[in-house]
Structure formats: C-alpha cells, structure tokens
Amino acid sequence: MQDPVVLHEDNHLLVINKPAGMPTMGVTDRLSVYQWAGGYIKRRYQKPGNVFVGIVSRLDTLTSGVLVLARTSKGAARLSEQIRQGTMSKNYLALVEGQVEPSAGTIRSSLYKDDARHRMRVDVRGTHHDSQEAVMHYSFLQRLEVGSRAMSLLRVELKTGRKHQIRVQMSSLGHPVVGDSKYGATTHLIGSGIGLHAFALKFQHPTREERLEFQVKPPVEWPVELILP
C-alpha cells in the first residue's frame, strides 16, 4: 500500500491525502494513519519517545482523500470544536451505480448501527431507540458508461458526520457507491478502495486567523477525467 501524501504541515497540523485501504486508526493487520503519522513526525523532526497525533475526524478504510490530523492538544481541541459547530466543510466525490437525475438536493435520514451485521442502517419507520439524524447535500456532476454499466458522479457535502453516512444513504436510494459490496454494490474499482473520495476540506487554522482549503483529485483507478468542482 502506498503511503499518505503530505499536503500541509506546521506546528499544530498535519494534512494528508489518505490512500484507500488504509484505516484511520484502530488495531488491524494494516498500518493505520495514526501509526504512520506518529512514525513520520518522529523521523522528520527527530522526536525521541512518543509523539502526539490527534485524530479529530476519520475516513473509512476504503475511502481516500483529504484528512486533517492535529499535532498538539490545542490544535485537536480547536479542530474538534469546529466540527461540533459545523464550521469545518467536508466535500466528497461519490461514484455511484445507476443513473442519478441531473439535479441537486438534500438527503435526510435517521441512521442506526446494526452491531450484529457490523453496518449502518436507515431507520425507515423512525422507531429505533438509537437512531441519529443524517443530513447531506448533493449535486450531479457527470454520467458515465463503464462497459455496460451506468454510473453517476456526485459531489456531496456532509452536514452531519455519521458512520458510513454517504454509503448507506446512497444505497438506500438504490445507488450504492461503486465497489461497496457491504451496501449492495455489484461493480468494482481497480485497487483496494470504493468510489468515495474526500476531495475538499476547509477549516480555520487552530492558532492563526487563516482559513485553510485543500483539494485533491480522486485516485487514478477511477474511470473519470474531471476538473475539481
């Protein structure tokens, strides 16, 4: 697996382009972003002992794209506060199965975790005791024909950050993310990821009066050529 690409670093931040297939954190048989970042900072700045790496938000293992990490507790606290207040903007590219109408809109659902199946579900009846509101905006960008299969490229802005939110909400509409067999996809991408990429991230620097913005193109395995919107 390829290493993350560093997009920005300073005393408080480390912003990377995470490759698909790398978990953000947790104990797995694969190197996580948390482990990689700790080793990177130790080597680059010749830090003895343990170093601080603050995970303030996550990307699913199969999702690629921009991810911000904190290098100080102050940075972590202030970034986390931006997430709570909704001032950190996260935009994704979603390559989904089927032909989505060329329009824009808002998707609202109630989601809950199905622990037995290790997945999220839409609370259709609104009766599950543990469900949480999930809101996202989307806009149609492009329609593709890959072989005999129709696909649609969407831009998605998350307004809430529920686990697997884009994946389960698009699947519930009959347009699962390409490669996402957990949520019903029957098509696949080359490589270890799915058709979900965090392409843009905007937030306030935790210690400076500066609004930072980062954009990265989707992986080369995606069957699209596009200028980032």
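Annotations for the structure displayed:
- The apolar share of the surface of the range 103-229, taken as the fraction of accessible area on carbon and sulfur atoms (1.4 Å probe, ligands and nucleic acids excluded), comes to 46 percent.
- Here the range 77-102 and the range 166-216 have alpha carbon centers that stand 8 Å from each other.
- Calculated FRET value between residue 116 and residue 25, using beta carbons and R₀ = 30 Å, to 0.05: 0.80
- Within a Gaussian network of the chain (alpha carbon springs, distance under 10 Å), most fluctuating of 188, 137, 128: 128
- Comparing mean-square fluctuations of 109, 73, 139 from a GNM of the chain with C-alpha springs under 10 Å, the top value falls on 73.
- Prolate/oblate/rounded label for the range 21-76 (Cα gyration tensor, a/c 1.5): oblate
- Per residue, the range 1-73 exposes 50 Å² of solvent-accessible protein surface, assessed with a 1.4 angstrom probe and all protein chains in place.
- With contacts taken as Cα pairs under 8 Å and at least 6 residues apart, the range 1-53 reaches a relative contact order of 21 percent.
- Beta bridges from DSSP with both residues in the chain: antiparallel share about 95 percent, rounded to the nearest 5.
- Rounded to the nearest 20 debye, the dipole size of the range 121-229 about its Cα centre is 180 debye, using +1 on the Cβ of Lys and Arg and -1 on the Cβ of Asp and Glu.
- Choice from 159, 90, 113 showing the highest fluctuation, given a GNM over the chain with Cα pairs closer than 10 Å: 113
- Taking every lysine pair in the chain that is 8 or more places apart or spans two chains, those with Cα atoms closer than 17 Å amount to 12.
- Taking all protein chains into account, the per residue accessible area for the range 117-229 stands at 54 Å² (1.4 Å probe).
The values are calculated or read from the model by the stated rules, or taken from the named source; none is laboratory data. Note that this is a predicted model, so its numbers are computed, not measured. Because the Cβ atoms are built from the backbone with ideal geometry, glycine has one as well, and the counts that use them run over all protein chains shown. What goes into the accessible areas is simple: the full protein's heavy atoms, side chains included, and nothing from ligands, DNA or RNA. Shrake-Rupley method; radii C 1.70, N 1.55, O 1.52, S 1.80 Å.
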